[in-house]
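Before any comments, here is the structure.
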Amino acid sequence: MTTPAGPEEARDRGQPGWYVYGIVPADVELTGDVRGVGDPPGRIQLARHENLVALVSEVNLARGLGTPDDLRAHAQVLDTAVVEVPVLPLRFGTVMATRDAVAGELLAVYQEALAAALKRAEGRAQYVVKGRYVEQVVLAQVLAEIPEVARLAEKIRGKDPNATRHERIRLGTVINNAIMAKRNADTRALAEVMAPH
């Protein structure tokens, strides 16, 4: 009996690999024609073990992964599934040698932890919240809040950049630190507001 090849060995032998998108409950059935990563895109299939299922597709390991289309396909598979069932997403680029390896070396080995995590995820959704500062507004706030910034800005205004190099570096450092502090404070405030949800 031979052991199944890992992704690197499978790639070296010219064998396909199995891309793993996420874990869902076992009662899921595939509907529609969602395509996965790769060129050509792989058809989404299921790797089952008892009360767990992994969403997988065959992928050509010789081609490599990481194109914008691959990233979009990974997200689309997960977004399509989460509408119907709780999903434990796997990190982009998770590949195993065979579909049997997905069932036996991932689902079987981590069955209890994965099942518990799926139960916790039921009825919940995950969101990524991103915020951006309006550059001129945040700079005006920093200028108003930190006297050193105003002083340094005035000192270098209209002067030769080479002659005020030290002051420009100091100004950049102070502004960067102030914006980082604002970002940390705003992140904490947002987390507090979102925590009950």
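Of all the residues in the range 56-75, those that are outside any loop (DSSP other than H, G, I, E, B) and in contact with a strand residue (DSSP E or B) (Cβ under 8 Å, 6 or more places away or on another chain) number 6. Criterion applied to Val129, Val102 was being in a helix (DSSP H, G or I) and within 22 Å of Leu71 (Cα to Cα), and the one residue passing it is Val102. Just need a number here: residues in the range 76-94 that are assigned to a helix (DSSP H, G or I) and under 20 Å from Lys119 (Cα atoms). Going through the range 76-94 one residue at a time, the tally reaches 5.
Scanning the range 100-127 for residues that are of a type in the set (Asp, Glu) and either closer than 14 Å to Gly22 by Cα or exposed (fewer than 13 other Cβ atoms within 10 Å of the Cβ) (or both) gives Glu112, Glu122. Can you pull out every residue in the range 150-197 that is of a type outside the set (D, E, K, R) and in contact with a Lys or Arg (Cβ under 8 Å, 6 or more places away or on another chain)? Once the filter is applied, which keeps residues that are of a type outside the set (D, E, K, R) and in contact with a Lys or Arg (Cβ under 8 Å, 6 or more places away or on another chain), the range 150-197 yields Leu152, Ile156, Pro161, Thr164. Going through (1) at pLDDT below 90; (2) touching an Asp or Glu at 6+ places or on another chain (Cβ under 7 Å) one by one, Arg151 falls short only on (2).
The values are calculated or read from the model by the stated rules, or taken from the named source; none is laboratory data. Bear in mind that the values here come from a model prediction, so they are computed numbers and not experimental data. Quick reminder, even Gly has a Cβ in these numbers, built from the backbone with ideal geometry, and neighbours come from all protein chains shown.
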